[in-house]
Amino acid sequence: MTPLAISVLALLEERPMHPYEMYQVLLSRHEDHLVKVRPGSLYHTVTRLAEQGLARAEGTDRAGNRPERTIYTKTDAGGAALRDRIAEVIRRPVNEFPLFPLAMSEAHSLPVAEVIELIEERIAHRHIEIGEADAVLQWVTGRNIPRRYWMVLELLRAQGVAEVTWLTGVLADLRDGSLPWEPEPGGDHRDQPDPELGHDWASAVTDDALDRIRKGGALPVEP
């Protein structure tokens, strides 16, 4: 079940809706910060859920001169599948392959001055997002809205703060030279001496090596 399918079934837990209403509700609740919401993919998701017996068409609705819209509701199987999927995601972490860690892992391909500038820009964006989260959190707490509905804002804010804290440290290390940025882009990474393995550092961290570390040992140093 895709993230968008989770969102759709969660909406249908509240009440029957037609797909366009789902789209509007997701945007009005700013859930596009949690899941990619596009009209085409949303309609496709609703169709797939109906084909799988997790949702079903319940009737039609017409507003003014607009075409009729099919209203959907969840099935009992859809409610059970939603709860099972939520529990599965919460229970066990999985690698979701976010793009930013990949970019940082390859940032050595850029000149250090550019990396510093880009990190500064990203930190500025994150500060704006954290400020917006603080404003929303103040709004919801001031209206006594049950925390279970908005606690994810705390998670998103904490993730933003953690990223800013780490990037600020990286930025300081780049500026004072304690994080060397050699060789420069275009240089020959193969000439780096061991144990600085460069691109191949992760290949030395085998399952056996990790097992030894967990048992109190250390990584072997190749001669």
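The values are calculated or read from the model by the stated rules, or taken from the named source; none is laboratory data. All of these numbers come straight from a predicted model, not from anything done at the bench. Please note: Cβ atoms are built from the backbone with ideal geometry, for glycine as well, and neighbour counts cover all protein chains shown. Note: accessible area is taken over every heavy atom of the protein model, side chains too, but ligands, DNA and RNA are not part of it. Shrake-Rupley method; radii C 1.70, N 1.55, O 1.52, S 1.80 Å.
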Seminar exercise, completed: Restricting attention to region 14-70, the residues that are among the β-branched types (Val, Ile, Thr) and within 21 Å of the chain's Cα centre (by Cα) number exactly 4
Exercise. Among the residues of region 120-137, is there at least one that is open to solvent by less than 50 Å² (accessible area, probe 1.4 Å), over 16 Å from residue 7 (Cβ atoms), among the β-branched types (Val, Ile, Thr) and within 18 Å of the chain's Cα centre (by Cα)?
Worked result: yes
Seminar exercise, completed: The condition of being in contact with a Ser or Thr (Cβ under 9 Å, 6 or more places away or on another chain) and basic (Lys, Arg) holds, among 29, 92, 38, 69, only for 69
For this session: Output the qualifying pairs, or none if there are none: Cβ atoms under 8 angstrom, residues six or more apart or on different chains, first residue in region 29-56 and without any contact (Cβ under 8 Å) to a residue 60 or more places away in the chain, second residue surrounded by fewer than 12 Cβ atoms within 10 Å (Cβ to Cβ).
Result: 37/27
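What is the residue count in region 58-104 for residues that are part of a strand (DSSP E or B), touching a helix residue (DSSP H, G or I) at 6+ places or on another chain (Cβ under 7 Å) and at pLDDT 95 or above?
To start, the set of residues in region 58-104 that are part of a strand (DSSP E or B) comprises 58-61, 69-74.
From what's left, touching a helix residue (DSSP H, G or I) at 6+ places or on another chain (Cβ under 7 Å): 69, 72-74.
Next, from what is left, pick out any that are at pLDDT 95 or above: 72-74.
The number of residues fulfilling the criteria is 3.
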For this session: Output the number of residues of region 124-138 satisfying the condition of being touching a residue at least 24 places away in the same chain (Cβ under 8 Å), among the aliphatic types (A, V, I, L, M) and farther than 12 Å from residue 158 by Cβ.
Result: 0
For this session: Identify the residue in region 29-69 that is farther than 17 Å from residue 15 by Cβ and of a type in the set (Ser, Thr, Tyr) and, among all such residues, is surrounded by the most Cβ atoms within 10 Å (Cβ to Cβ).
Result: 45
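Restricting region 70-102 to residues that are of a type outside the set (Val, Ile, Thr), open to solvent by less than 60 Å² (accessible area, probe 1.4 Å) and out of contact with any Leu (no Cβ under 8 Å at 6 or more places or on another chain), which is farthest from residue 159 (Cα to Cα)?
As a first pass, look at region 70-102 and keep what is of a type outside the set (Val, Ile, Thr): 72, 74, 76-85, 87-88, 91-93, 95-102.
Filter once more, keeping what is open to solvent by less than 60 Å² (accessible area, probe 1.4 Å): 72, 74, 77-82, 87, 100.
Okay, now just the ones that are also out of contact with any Leu (no Cβ under 8 Å at 6 or more places or on another chain), so 80, 87, 100.
Details: 80: 30, 87: 21, 100: 13 Å.
Of everything passing the filter in region 70-102, 80 is farthest from residue 159 (Cα to Cα).
Select, from 133, 113, the only residue that is part of a helix (DSSP H, G or I) and in contact with a Leu (Cβ under 6 Å, 6 or more places away or on another chain). Walk me through it before giving the result.
Numbers: 113 fails: in contact with a Leu (Cβ under 6 Å, 6 or more places away or on another chain).
From the options 133, 113, the qualifying one is 133.
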Exercise. Counting only residues that are under 17 Å from residue 61 (Cα atoms), open to solvent by 70 Å² or more (accessible area, probe 1.4 Å) and in a helix (DSSP H, G or I), how many does region 1-28 have?
Worked result: 2
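Please determine whether any residue of region 148-161 is part of a helix (DSSP H, G or I), polar (S, T, N, Q) and open to solvent by less than 90 Å² (accessible area, probe 1.4 Å). It would help to see each step written out before you state the result.
Restricting attention to region 148-161, the residues satisfying the condition of being part of a helix (DSSP H, G or I) are 148-149, 151-161.
Keeping just the survivors that are polar (S, T, N, Q) gives 159.
In the following step, the residues that additionally are open to solvent by less than 90 Å² (accessible area, probe 1.4 Å) were identified as none.
No, region 148-161 contains no residue that is part of a helix (DSSP H, G or I), polar (S, T, N, Q) and open to solvent by less than 90 Å² (accessible area, probe 1.4 Å).
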